[in-house]
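Encoded as structure tokens, the structure appears first; notes follow it.
The values are calculated or read from the model by the stated rules, or taken from the named source; none is laboratory data. Bear in mind the structure is a predicted one, so any value in this text is a computation, not a measurement. Cβ coordinates were reconstructed from backbone atoms using ideal geometry, including for glycine residues, and neighbour counts include every protein chain displayed. Ligands, DNA and RNA are stripped out before the accessible areas are found, and what is left, the full protein with its side chains, is counted by its heavy atoms. Shrake-Rupley method; radii C 1.70, N 1.55, O 1.52, S 1.80 Å.
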Amino acid sequence: MSPPSRRLQTKPVITCLKTFLISYSLIFWFTGVILLAVGVWGKVKLEAYFSLDSDKSTNAPYVLIGTGATIIIFGLFGCFATCRGSPWMLKLYAMFLTLVFLAELVAGISGFIFRHEIKAILGEVFEKAVKNYNSTDTTSTTSKAVDVIQRTLQCCGVKNYTDWGDTAYFKENGIPESCCNVSAKCTPEDRKALEKAGSVVYTKGCFVHVATVMEDNLGVIAGISFGIAFFQLIGIFLACCLSRYITNNQYEMV
């Protein structure tokens, strides 16, 4: 048992560590809420984006939902472990934060390294969806996905609106109505002639639009991703320090 004077000197340090760790855990919990919300929003609102090609569909919304839910649970666990002052709980919390840090670091590095492959796959999938487009087929989820993407991003075609000129759909129906610029009078006659369509439809291609946004914000995205990953180091440090102080001084939280 440590002397009373030493324990009295240690109490303010542990109280300070507790305050910081609880604050960190609440922020960590809030990031989980954000990830969960984004995952649910992506599943509900962006379902069309993920149905362009069933062979290359993505589980991104489910990953976000699962990750967010896990972070919420462990964020609350971190608050409970800190208030309880349990060394083994704090060590378990630190281990979880370490796993999150490594996972985020690997994901960020992989995304940066394979960004060109990811972009190529997106372009290939969308180009295939445009070629097989058929708005008259009500059972085609791919065609519905193309329409949603073009309306939402205000774009048309893969590289630009002229890509539709090489499709079977254009020869009979012209450019899809989902390409129509909301500020222009877009008639079927205009959409069947490429030279006229340029003034009534969105001229920028969807893939070009997405690729440009990704490239322009790549540095910002990478910085945020690695910043979030290294944020876990703060929690690991605080949890380990608090566990060590409690263990070494046999401190029990009341």
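All of Glu104, Glu117 fail the test of being within 19 Å of the chain's Cα centre (by Cα), at pLDDT below 80 and surrounded by 17 or more Cβ atoms within 10 Å (Cβ to Cβ), apart from Glu104.
What do you reckon, is Leu26 part of a helix (DSSP H, G or I), open to solvent by 80 Å² or more (accessible area, probe 1.4 Å) and modelled with pLDDT of 75 or more? Yes.
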